[in-house]
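Beneath this line is the structure, given in structure tokens, with notes to follow.
The values are calculated or read from the model by the stated rules, or taken from the named source; none is laboratory data. Quick caveat: nothing in here was measured; it's all calculated off a predicted structure. Heads up, the Cβs are rebuilt from the backbone with ideal geometry, glycines too, and the neighbour counts pull from every protein chain shown.
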Amino acid sequence: KVVSVSGASGYIASWLVKFLLQRGYTVKASVREPNDARKTEHLLVLDGAKERLQLFKADLMDEGSFDPVVEGCECVFHTASPFYLSATDPQAELIDPALKGTLNVLRSCTKVPSIKRVVITSSMAAVAFNGKPLAPDVIIDETWFSDPDFCEKSKLWYMLSKTLAEEAAWKFTKENGIDMVTINPGLVIGPLLQPTLNTSSESVLKLINGAEKYPNTTFRWVDVRDVANAHIYAFENSSASGRYCLVGSVVHSSETLEILHKLFPELKIPKECADDKPPSTKYQVSKKRAENLGIKFTPLDVSLKDTVESLKEKNLVS
Ligand code: NDP
């Protein structure tokens, strides 16, 4: 079976490519820089890559550049989208590649009759940011949508980019008869296959590396291996449909640091919260649909342990 993965050199996509190759798929994978070893080496050494991984050059902003990547595929996994929280020109850096890029990929898909399903990596960024009050008994689920006006007013540009992209994808796929499923992960952690940091693995590093104070924030963590598997199950399980929130644990920074301290007593774990307000509100994220899809969430301590060990291996922990 032939499938396609956009943005294959990325953190999540690298695990997705690894698992797809393990399951015997032929993978047509897009990268922006096929000649940059830092973006491709870790993919080319994966088991099965020699025989069944084909790299293509494609950019979200180049219309038609995904045509050869999706040609002849049964499933397209669209993961590529810029993920960083600081942008000087949010429209050009985040919103255009997310929104126009998603529509570009989907337009390429309309030309390929063999495609049975498109699985898009959306995000909890497109679910949870709507200004609704949160409380420990509030359960966020797949019926929630982030509110573009709320994101814009709050200058949550990445959240806005993912919300607009997902909304446009649902509209386009409905109008064009494409079967689409979205995976909406929280903040993704776990070991890195690629040599460079991405925004979410950096968030663990920021918690442990030198900072004296920790943010008064509640994080929605999920393991990268669970996220990659969810993409695959969303294709392989023909009855999968709609959106899947993927959040293994909702915990305050202080709790994350407590776990890290137990696992790695030698690390310089910050002990003081960055502000003296009460801890930011906890809430829940429904696991029902993800568990029905077949996901058994990796425990947070395992994900954190594997993340830090991976960061240490790469000499990133001071
Ligand atoms: P990475 O930064 O590792 O991956 C992002 C990927 O998008 C890279 O492969 C990057 O290519 C590609 N990309 C960015 N801009 C373009 C462009 N203009 N044209 C082609 N490709 C482009 O991040 P993640 O693996 O974390 O993110 C992957 C997906 O998962 C994104 O859609 C993100 O929004 C989503 N997500 C991530 C979460 C997380 O916590 N990590 C949580 C929820 C959702 P290049 O390598 O060339 O830069």
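Checking the conditions here, which among Val250, Val227 is surrounded by fewer than 20 Cβ atoms within 10 Å (Cβ to Cβ) and under 17 Å from the mean Cα position of the chain (by Cα)?
Of the residues listed, the single one that is surrounded by fewer than 20 Cβ atoms within 10 Å (Cβ to Cβ) and under 17 Å from the mean Cα position of the chain (by Cα) is Val250.
Find the strands (runs of 3 or more DSSP E) located wholly in region 151-267 whose residues include 2 or more that are at pLDDT 95 or above and closer than 19 Å to Asp306 by Cα, and list them.
187-189, 218-223, 249-252
Output yes when any residue across region 173-192 is closer than 19 Å to Leu300 by Cβ and more than 19 Å from the chain's Cα centre (by Cα), and no when none is.
Looking through region 173-192, none of the residues is closer than 19 Å to Leu300 by Cβ and more than 19 Å from the chain's Cα centre (by Cα).
Which is more than 16 Å from the ligand (Cβ to nearest atom) and either of a type in the set (D, E, K, R) or surrounded by 21 or more Cβ atoms within 10 Å (Cβ to Cβ) (or both), of Glu167, Glu202, Glu142, Glu212?
So the residue among Glu167, Glu202, Glu142, Glu212 that is more than 16 Å from the ligand (Cβ to nearest atom) and either of a type in the set (D, E, K, R) or surrounded by 21 or more Cβ atoms within 10 Å (Cβ to Cβ) (or both) is Glu212.
Counting only residues that are at pLDDT 95 or above and closer than 17 Å to Pro97 by Cα, which one in region 14-38 is surrounded by the fewest Cβ atoms within 10 Å (Cβ to Cβ)?
Arg32
Look at Tyr283 and say whether it is more than 16 Å from Ser200 (Cβ to Cβ), within 17 Å of the chain's Cα centre (by Cα) and among the hydroxyl-bearing types (Ser, Thr, Tyr). Walk me through how you get there before you give the answer.
Values: more than 16 Å from Ser200 (Cβ to Cβ): yes; within 17 Å of the chain's Cα centre (by Cα): no; among the hydroxyl-bearing types (Ser, Thr, Tyr): yes.
No.
Limited to region 105-139, what total is found for residues that are within 30 Å of Gln284 (Cβ to Cβ), within 14 Å of the ligand (Cβ to nearest atom) and not aromatic (Phe, Trp, Tyr)?
Qualifying residue count for the region: 11.
Quick one: which helices (runs of 4 or more DSSP H) sit completely within region 14-123 and have at least 2 residues that are within 19 Å of the chain's Cα centre (by Cα) and touching a residue at least 60 places away in the same chain (Cβ under 8 Å)?
Values: elements: 37-44, 49-52, 67-70, 96-110.
Here the list reads 37-44, 96-110.
Keeping to region 272-295, report how many residues are in contact (Cβ under 8 Å) with a residue 12 or more places away in the chain and either of a type in the set (Asp, Glu) or in a loop (DSSP other than H, G, I, E, B) (or both).
Total meeting the criteria: 13.
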